[in-house]
Amino acid sequence: MSRKHITGVGSKQTVKLSRLYVGIALIVGSVLGCAVPALAESYGGGSPAGYAADAPIDNGRIVILSGSESNKVAVAGQSSIQNMFGVTVDRELLPMTLTNENVQNEVFVAVSGTYNVLVSTQAGAIMQGDYVTLSSIDGVAMQAGTEEVPVFGRAQANFDGKGVVLGTQVLTDDQGGKKTVTLGSVPVTIDIKNNPNHKSTEANVPEFLQRVGQQIAEKEVSPIRIYLSVAIAAVSLVAAIAVLYAGIRNSVISIGRNPMSKHSIFRALVEVILTSVIILIIGVFAVYLLLKL
């Protein structure tokens with residue numbers, strides 16, 4: 001009788017524990033069922049494709065197109081920051097990949113979506129929502145301030161160099177100063193565009209003048225050169241008009257006083273007109289040289 005009583009209590013306890021485990025499993029399953037779709041929506045996306053490379057490229061590096069047929073990539077540097085194309089991704093994290101054995105050092109590159117990007121603390125800690133751009137380290141991003149023009153995307157996590165880090169690197173500036181930065185990785189939503197927070201330190205130039213200057217010089221022209229060119233053109237035009245006006249006025253007065261000398265007066269008027277044209281030509285040539293050189 002005693003053994004049966006004990007066995008019955010143990011069976012009831014086992015049933016209760018089983019129900020508890022099942023309840024916990026259902027709760028965990030429900031949480032994971034809600035979390036996994038959210039995670040899938042925040043990470044990934046786009047259609048990463050395979051590209052060739054001259055050398056193996058680490059995952060998370062920002063790259064540019066380097067092949068003549070847009071089938072090859074290379075690690076992006078400061079000299080090619082305007083040509084940022086995408087980021088190399090781990091093929092193991094992609095749902096499906098088509099590998100081409102004939103492609104040298106094949107890497108998969110994402111040009112949209114949210115993927116892990118190598119970052120550094122060169123410009124300070126990166127907070128979720130910050131824009132990131134290319135740092136001084138090839139292929140590695142940093143926080144974008146107000147001076148950097150292009151941005152690569154927006155960080156979806158924080159990185160202050162104190163959590164999980166991938167290493168450190170010493171940077172040397174133009175004055176020889178050294179700075180140690182910490183490297184890490186954060187998910188970034190790729191959105192390559194001009195920095196919305198960019199604040200130019202250059203003088204504002206009217207768009208029309210800037211466009212004309214660029215068309216003449218066939219390159220970017222500094223505001224100082226544009227304003228000097230406008231000043232030279234204005235002075236040349238005023239001088240030519242003044243000389244022409246004075247010549248015509250004096251000619252009319254001379255003809256009124258001495259009608260018999262109108263032939264010589266007309267000849268002098270032609271010389272005045274030619275002088276005005278020469279002044280304009282010299283002014284235009286000076287503007288061209290100032291913008292072109």
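DSSP loop GluC sites (Glu not before Pro) in segment 194-263 with at most 14 other Cβ atoms within 10 Å of their Cβ, which ones?
Details: sites: 202, 207, 218, 220; in loops: 202, 218, 220.
Hits after loop and neighbour filter: 202, 218, 220.
Relative contact order for segment 43-147: what is it in percent, counting Cα pairs under 8 Å that are at least 6 residues apart? Show your work: numbers first, answer last.
Values: 215 pairs, mean separation 35.0, N = 105.
Relative contact order, segment 43-147: 33 percent.
Could I have the simple spin-label model distance between residue 245 and residue 180, label points 7 Å from Cα toward Cβ, reported in nm to one decimal?
For the pair residue 245/residue 180, the computed spacing is 7.2 nm.
Compute the signed sum of charges (Lys and Arg +1, Asp and Glu -1) over the other residues within less than 12 Å, Cβ to Cβ, of residue 255.
Within the 12 Å Cβ shell, the charges total +3.
How much net charge surrounds residue 154 when only other residues with a Cβ under 9 Å from its Cβ are counted (Lys, Arg +1; Asp, Glu -1)?
Result for the local shell: -2.
In segment 126-219, what is the count of Lys pairs whose alpha carbons are under 25 Å apart, counting only pairs at least 8 residues apart or on separate chains? Walk me through the numbers before you get to the answer.
Numbers: 162/178; 162/179; 193/219; 199/219.
The number of close lysine pairs in segment 126-219 is 4.
In whole Hz, what ³J(HN,Hα) sequence does segment 125-131 give by Karplus (6.51, -1.76, 1.60; θ = phi - 60°), x for Gly and Pro?
Listing the rounded values in order: 5, 9, 10, 4, x, 5, 6 Hz.
Could you tell me how many cubic angstrom of Cα convex hull volume segment 207-292 has per residue?
Details: hull volume 6.4 nm³, N = 86.
Cα-based convex hull of segment 207-292, divided per residue, equals 75 Å³.
Could you point to the residue in 210, 284, 264 farthest towards the positive end of segment 207-292's charge dipole, with +1 and -1 charges on the Cβ of Lys/Arg and Asp/Glu respectively?
Checking the options against the dipole of segment 207-292, the answer is 264.
Run the paramagnetic zone check for residue 93: 7 angstrom along Cα to Cβ, then residues of segment 150-177 with backbone nitrogen under 18 Å.
Counting only backbone N, you get 152-161, 163-167.
So how far apart, in nm, are the two label points at residue 160 and residue 82 if each is 7 Å from Cα heading toward Cβ?
3.8 nm
Using the number of other C-beta atoms within 10 angstrom as an exposure proxy, rank 152, 108, 266 with the fewest first. List each step's numbers first, then the result.
On the way: 152 27, 108 21, 266 12.
Taking fewest neighbouring Cβ atoms as first place, the list is 266, 108, 152.
Report the extension gain between residue 288 and residue 219 in nm, rounded to one decimal, defined as 0.36 nm multiplied by the number of residues separating them, less their alpha carbon distance. Could the numbers behind the result be given before it?
Numbers: separation 69, 0.36 × 69 = 24.84 nm, distance 1.28 nm.
Full extension from residue 288 to residue 219 adds 23.6 nm.
Read-outs: derived from the displayed coordinates by stated rules, not from any lab. Everything numeric here is computed off the predicted structure, so don't read it as measured data. Positions of Cβ are generated from backbone atoms using ideal geometry, with glycine treated the same way; all protein chains shown enter the neighbour counts.
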